[in-house]
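All remarks here apply to the structure that follows.
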Amino acid sequence: MPLEDVRSRSQSDVHVGEMAKTNPFDFIQQVRSEAAKVTWPTRKETMITTAMVFVMVVVASVFFLVVDQAIGWGVRSVLLGLGG
């Protein structure tokens with residue numbers, strides 16, 4: 001579509017992003033209906049997943065500590081080795 005045609009269109013001609021209007025009561029009913037369809041995790045699944053997250057955080061922390069120390073050692077050895 002040429003640029004002139006786009007500029008000549010009125011704002012009322014553009015229907016991008018329009019959504020159906022819903023009153024608050026209907027909206028709440030729809031939210032509750034959709035929430036009822038969700039398969040929620042059990043307490044056991046939640047606890048296992050939480051424990052796995054904490055374990056992975058510890059593993060990642062140790063990994064980055066080791067990598068940081070190795071890079072620091074390498075930089076110090078290069079800088080002190082060139083200066084001495």
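Taken together, the values in this text are just the output of simple stated rules run on the coordinates, not laboratory data. What you see is a predicted model; the values in this text were computed from it and never measured. Cβ atoms come from the backbone with ideal geometry, glycine included; neighbour counts cover every protein chain shown.
For the range 41-84, the Kirkwood hydrodynamic radius from C-alpha pairs, put into Stokes-Einstein at 37 °C and a viscosity of 0.692 mPa s, yields a diffusion coefficient of 253 µm² per second. Distance between the modelled labels on GLN69 and ARG43, one decimal in nanometres: 4.0 nm (7 Å Cα→Cβ projection).
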